[in-house]
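Undergrad: Below is one structure. I have some questions about it.
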Amino acid sequence: MDRMWALVERDLRRFRRSPTLIFVSMVFPLVQLLVLGYAFGGKLKDLKVGVVDQDRGVQAVKLREMFNAVHANARTFQTIDYHDERAAVDDLRNGRLDAVLDIPPNFSRDVLEKTAPRVALIEDNTDNFIEATLQGVFAPLLGAYNQPATTAARVPTAPTLAVVELYPYVPYIQYLLAGSTVLAIFVSAMIGGGIIYIDDKARGLHEGYLVTPITKFGLIFGFNLAGTIKAVIAGLVLAIFGSLIARIPDPFSPARLAKIALVDLATSLALISMMFLFMVRVNDPLVPRATFGVLNTLLFFPSGAVYPASAFPKWMRAISIADPFTYGVHAFKELMLKNTSLSAVAGDLTFLFLFAALMMAAATALFRRTL
Amino acid sequence: MGAIEVEKITKRFDGFTAVDAVSFVVESGEVFGLLGPNGAGKSTLIRMLTTLIPPSAGNARVSGFDIVHSAQEVRRSIGVIPQAMTSDLDLSLAENLIIFAKLYGVPRETRARRVKELLEAVELEQWTDKPVKFLSGGMRRRLEIARGLIHEPQVFFLDEPTTGLDPVSRVSVWEMLMKLKKERNLTILLTTHYMDEADKLCDRIAIVDHGKLVALDSPLKLKASIPGANILEVSFSPVPEGWLDTLKSLPDVARVTAVDHVFRVSSNNGPRTTVALVEAARGAGISLVSLSVQSTTLDDVFMHYTGRQLRDELQESAVYDPSFMYKK
């Protein structure tokens, strides 16, 4: 045990004396949380919609009043009047407008005569998000416009949907926090278990260990444990500071923190042992650096950290099932967003610990105790 | 029983034989040198003996333990200083030593005392708590020597201990090694391509070339084993026809070689041959351009046994050694 702890001690002493390393492994995921959390979380506002009213009748005015109501309340879009359809479309093409709503001549007459009245929404479909948002606003607006004016009954006669939300509103930054925490653990695993491990090997430091009587398993477990401790610290720091930034309710509850620490440990062990298996036969210091980006993309995005996995194609779902990120992200989401009991994350913990044991066994089999 | 017994040990890398059936015995308390150019197979040999790479054939015993079947026992009994400096730069000297004391299983109660003693022995005690990155190359090498001795090994392996050091640091490392050897009755096996180092430190020297052991004896006996106790390097102007044969016929001359108008004359009696050579030149009406007389060196020994000069081989042979390439 003393021999194994010597490796851990050495690694932690070096880590403590390397503020740059600490900064990189913890600050990068925090920055990502802040930037992505606020970049993806907000609703679209103040989109510019050009309105070409070629009708100017009563029905067209009624429609435009409804648009103005949206502008005054939800502020999803603001309208800009155009007299010439060609000028409006030119501005749309040149990016000065996000859409053009064209009310054709005789629109009011067609409405009254019920002879297929139409308005056209001309969109810049190179931006899917704006396109979907505007369609999402204009379709119900037209629906409301089409409803006959009636007096509401005291007791509704048609069935309605009552939505009950179990938890308070979850902004996107809170949704992303679980993923960012796992990313902090991954960055730490990549630096500690990948880059530093191979650099030490190339510098001949491992040669110094190999001539000592430490066993093969002692070496592997020592390297893994040292990496895991650093990754756990990175994960905890991210979970705590990230919770404060994302305004997670009651972030310092001891029970919640204890459960988060357990998931942190399981995720760290799984990611470090996986990284060690990947690097066990590698000698070239460029390899971990070159694979960092690929591994990050391959493991982070299919995990459901930024978008639900149920929206993925089959091949991505297959990756997601084998990806330890998935289970770490799921467990952290359960604890951070819902403060569930441990039983809700028992499956994730089982997978992560089994995955770590499997990776370590494979690494032990592949590890060469010679040069 | 010798401290190190090597029997027909061989290492092949993808069809290239780095060490070819080498055998020797190192007695307890002896300083044994493996002398040869880079790529000769010295590092591969030392790595096999320190259990870092398995041999392809043959066997060896270190401190009585088989290097393949009792590798852990071998590791417990040896101290190793690899060619590359492998101390952790961010840690202090004491921390580096303590960590290796733990790796070698030194009991907790003796660790601190041993660190103190060893740092005093290598004269680095005033740097105990400073990070290794502040040390010079020679000081770092002395720290590594202390590190290799932290568990009080019986046999000490050093792979090119002074490569890359300045002349002052080299002498300092030599003195340190001799002092420690005397105090601790160590058996030392070191590799080097510096002839002066081998001459100064080693009780016996094995000359290794292209993976084979070509000569083995004490420095004095190796020098005595080649013809000529002195080497005369001489050049003339002009050089008449058949002058080489004239030089060979001079008294006490054992051998003459010529490289670019410089004649290298091995003589069993330097002063007598010098006088005869000067008279022969005067008699032939030619002038002596330069003349130097030296005692036989290990370079002459190496040249005698391998047909080449050691310094000419240093760069050329480096590319053939896969274990050397691993370092890069």
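The values are calculated or read from the model by the stated rules, or taken from the named source; none is laboratory data. Here the structure is a predicted model, which is why all the values come from computation and not from measurement. For neighbour counting, all protein chains shown are included, and Cβ atoms are generated from backbone atoms with ideal geometry for every residue, glycine included.
Undergrad: Residues that are touching a residue at least 60 places away in the same chain (Cβ under 8 Å): find the strands (runs of 3 or more DSSP E) completely inside region B:243-312 holding 3 or more of those.
TA: Qualifying strands (runs of 3 or more DSSP E): B:287-295.
Undergrad: Oh, and also: If B:Lys8 satisfies all but one of (1) over 23 Å from A:Pro213 (Cα atoms); (2) more than 14 Å from every other protein chain (Cβ to nearest Cβ); (3) buried (at least 20 other Cβ atoms within 10 Å of the Cβ), what's the number of the condition it fails?
TA: (3)
The rows are residues; the columns are (1) within 14 Å of chain B (Cβ to nearest Cβ); (2) surrounded by 13 or more Cβ atoms within 10 Å (Cβ to Cβ); (3) touching a Gly at 6+ places or on another chain (Cβ under 7 Å).
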residue	(1), (2), (3)
A:Val155	no, no, no
A:Val163	no, no, no
A:Val182	no, yes, yes
A:Ile196	yes, yes, no
A:Asp199	yes, yes, no
A:Gly208	yes, yes, no
A:Val211	yes, yes, no
A:Val237	no, yes, no
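Undergrad: Return the residues of region A:335-364 that are modelled with pLDDT of 95 or more and of a type in the set (D, E, K, R); say none if nothing qualifies.
TA: A:Asp348
Undergrad: Being small (Gly, Ala, Ser), farther than 18 Å from A:Ile185 by Cβ and in the same structural domain as A:Ser243 (by TED's automatic domain parsing): is that true of A:Ala311 here?
TA: In short, yes.
Undergrad: For region A:263-297, give me the residue count where each residue is within 22 Å of A:Leu238 (Cβ to Cβ) and surrounded by 15 or more Cβ atoms within 10 Å (Cβ to Cβ).
TA: 18
Undergrad: Continuing with this model, one more query. Run down A:Val49, A:Val70, A:Val100 and say which single residue is more than 30 Å from A:Thr181 (Cα to Cα), in contact with a Leu (Cβ under 8 Å, 6 or more places away or on another chain) and at pLDDT below 85.
TA: Going through A:Val49, A:Val70, A:Val100 in turn, just one is more than 30 Å from A:Thr181 (Cα to Cα), in contact with a Leu (Cβ under 8 Å, 6 or more places away or on another chain) and at pLDDT below 85: A:Val70.
Undergrad: If I filter region B:95-115 down to residues being of a type outside the set (Val, Ile, Thr) and within 29 Å of the chain's Cα centre (by Cα), which single residue comes out as nearest to B:Val132 (Cα to Cα)?
TA: For region B:95-115, the residue satisfying everything is B:Asn96.
To keep it simple, each residue is scored yes or no on (1) part of a helix (DSSP H, G or I); (2) touching a residue at least 60 places away in the same chain (Cβ under 8 Å); (3) within 30 Å of A:Gln59 (Cβ to Cβ).
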{"site": "A:Leu142", "(1), (2), (3)": "yes, no, yes"}
{"site": "A:Pro168", "(1), (2), (3)": "no, yes, no"}
{"site": "A:Ile173", "(1), (2), (3)": "yes, yes, no"}
{"site": "A:Ser180", "(1), (2), (3)": "yes, yes, no"}
{"site": "A:Leu183", "(1), (2), (3)": "yes, yes, no"}
{"site": "A:Tyr209", "(1), (2), (3)": "yes, yes, no"}
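Undergrad: Does B:Asp209 satisfy the criteria of being in contact (Cβ under 8 Å) with a residue 40 or more places away in the chain, buried (at least 19 other Cβ atoms within 10 Å of the Cβ) and touching a Pro at 6+ places or on another chain (Cβ under 7 Å)?
TA: no
Undergrad: Restricting to helices (runs of 4 or more DSSP H) lying wholly in region A:252-327: which have 2 or more residues that are closer than 24 Å to A:Leu225 by Cβ?
TA: A:254-279, A:286-300
Undergrad: For region A:240-252, check the following and say yes or no: at least one residue is over 26 Å from A:Leu295 (Cβ atoms), out of contact with any Ser or Thr (no Cβ under 6 Å at 6 or more places or on another chain), modelled with pLDDT under 90 and hydroxyl-bearing (Ser, Thr, Tyr).
TA: no
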